[in-house]
Structures are given as C-alpha cells and as structure tokens.
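Below is one structure, written out as structure tokens; the observations come after it.
The values are calculated or read from the model by the stated rules, or taken from the named source; none is laboratory data. Remember, predicted model here, so these are calculated numbers, not experimental data. Backbone-built Cβ (ideal geometry, glycine too); neighbour counts: all protein chains shown. Surface areas here come from the heavy atoms of the whole protein model, side chains and all, with no ligands, DNA or RNA. Shrake-Rupley method; radii C 1.70, N 1.55, O 1.52, S 1.80 Å.
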Amino acid sequence: MIALKTGDIILVHTPFDLLPPTTWLSALIRFFDKTYYNHCKLVVCNWGVPFINEALVRGIETCNSNYNLKGKIIVIRRPKENFDEQYFAILANSFVGDTKYNFFALIQQLIYRSFGIWISTNKDLSTDKFYCSDYCAYMHNMKEWWKISPRELFNSELFETIYQN
C-alpha cells in the first residue's frame, strides 16, 4: 500500500449485498451519481500516523488507517497543490465528535443528481453537519463544496490518482 498523506481522499466502492441495508444506500448513491464509488474518506496524519476521518451516521469519526482500509475497493486521490498540512489536520480534526451527519443532504443530492436543481437555504450551507463527500470538498476549499459528490472528487483536476485496486 502507498504511504498516505494528510489531505488524501479515499473513494470507496461498497459491493451490493442483500442483507446489510447500507449496501442498498451505497448502490443508490452510485446509481444517481453515475459513478463506481459511493463513499469518501479523508486522510489526516496525527503525529506522523495516518488516520481516516469520515462522515458516518454517527457524525465525523476518526480511526486508524490500517484497520479502516483492509479489504476495501478503493482509489486514493492526492491533492496536486501544496498546502499547510498542519493547519489542514487541525481543522479536519476539529469536526470529529461534534459534527453530525447531514441526512437531509442525501435528499438534496438525489434531487440535484436527478433534476439538476439544488434545493437549499443558507442554513443548509453551515458546517455543523456533513456527509462524506462535502466534508472532503469543504476541507479542500472546493467551490460549492455542499454539492460535491464522489463523482466530482474522482474526476476533479485538483487531485491525482496515486492508488487504485
């Protein structure tokens, strides 16, 4: 496996399975986003050790990267531009534990991907709730980060693919 760096984005494909309901959601995300990947994770190195920050049902969580990536179908995208990795890590970690999951944004994404209409208020653009790809996009200062999906992260010119299995 390649050495992970702060700011790397890991896109994940979750294979469909009849039993776990989360795989149904993953399949729907892939269908409406027209992409192979349905989930995004953000690499943050703490004291030189890579961790994975991600938006899950319980909110933004972090865990050890070695445990988190075993057996997953992934692609790793690395930012092309240099940035302050220490500031990035501090900001990314500031959302861990306090930031909730943005369930409403999944509905917004469904409407946006189906009809090209983003239904939102300014309150929806706050950073007190995230889903996986808008968290990664926000951390990388992407324009209209609240609309970003795994497909845009996979296709973005801001990143280069450094690993794919």
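At most 11 other Cβ atoms within 10 Å and a DSSP loop assignment: could you name the trypsin sites (Lys or Arg not before Pro) in segment 58-114 that fit? All intermediate terms of the calculation are to be shown ahead of the outcome.
Values: sites: ARG58, LYS70, LYS72, ARG77, LYS80, LYS100, ARG113; in loops: ARG58, LYS70, LYS72, LYS80.
Sites meeting the loop and neighbour criteria: ARG58, LYS70, LYS80.
If contacts are Cα pairs under 8 angstrom and at least 6 residues apart, what is the relative contact order of segment 24-143 in percent? Present the calculation step by step, with values, prior to reporting the outcome.
Working: 127 pairs, mean separation 34.5, N = 120.
Computed over segment 24-143, the figure is 29 percent.
What are the ³J(HN,Hα) values, in whole Hz, obtained from phi via the Karplus relation 6.51 cos²θ - 1.76 cosθ + 1.60 with θ = phi - 60°, for each residue of segment 41-50 in sequence order, with x given for Gly and Pro?
For segment 41-50, the Karplus-derived couplings read 10, 10, 8, 9, 8, 10, 6, x, 9, x Hz, x marking Gly and Pro.
What is the magnitude of the charge dipole of the chain about its Cα centre, with +1 placed on the Cβ of each Lys and Arg, -1 on the Cβ of each Asp and Glu, and no other charges, expressed in debye to the nearest 20?
Details: 17 positive and 16 negative charges, 73 e Å.
The calculation lands at about 340 debye.
Please report, in whole Å, how far the alpha carbons of the chain spread along each principal axis, starting with the longest.
42, 37, 30
Could you pull the accessible area for ASP84 with a 1.4 Å probe, rounded to 10 Å²?
100 Å²
If I stretch the segment between SER94 and THR161 completely, what's the gain in nm (0.36 nm per residue apart, minus their alpha carbon distance), one decimal?
Values: separation 67, 0.36 × 67 = 24.12 nm, distance 2.67 nm.
The span from SER94 to THR161 would gain 21.5 nm if fully extended.
Name the residue, out of PHE88, PHE31, PHE115, whose mean-square fluctuation peaks in a Gaussian network model built on the chain with Cα pairs under 10 Å.
PHE115
If you take the Cα Rg of segment 40-93 and divide it by 2.2 N^0.38 Å, with N the number of residues, what do you get? Please report the intermediate quantities before stating the final value.
Details: Rg = 11.6 Å, N = 54, 2.2 N^0.38 = 10.0 Å.
Against the compact-globule rule of thumb, the ratio is 1.16.
Would you please give the residues with an amide H less than 5 Å from that of GLY59, counting only those at least 5 places away or on a separate chain, with H modeled from the backbone geometry?
HN-HN under 5 Å from GLY59: TYR101.
Using a simple charge model, +1 on the beta-carbon of Lys and Arg, -1 on the beta-carbon of Asp and Glu, nothing else, what dipole does segment 84-165 show about its Cα centre, in debye to the nearest 20? Please list the in-between numbers first.
On the way: 7 positive and 10 negative charges, 82 e Å.
Magnitude of the dipole: close to 400 debye.
Please work out the FRET efficiency for the pair ASN82 and GLU144, using the Cβ-Cβ distance as r and a Förster radius of 30 Å; give the result to the nearest 0.05. Walk me through the intermediate numbers first.
Numbers: r = 23 Å, r/R0 = 0.77.
Calculated transfer efficiency: 0.80.
Assign unit charges at the C-beta atoms only (+1 for Lys and Arg, -1 for Asp and Glu), then state the dipole size of segment 37-131 relative to its Cα centre in Debye, rounded to the nearest 20. Could you put the intermediate results ahead of the total?
Values: 11 positive and 8 negative charges, 80 e Å.
The calculated dipole for segment 37-131 is roughly 380 debye.
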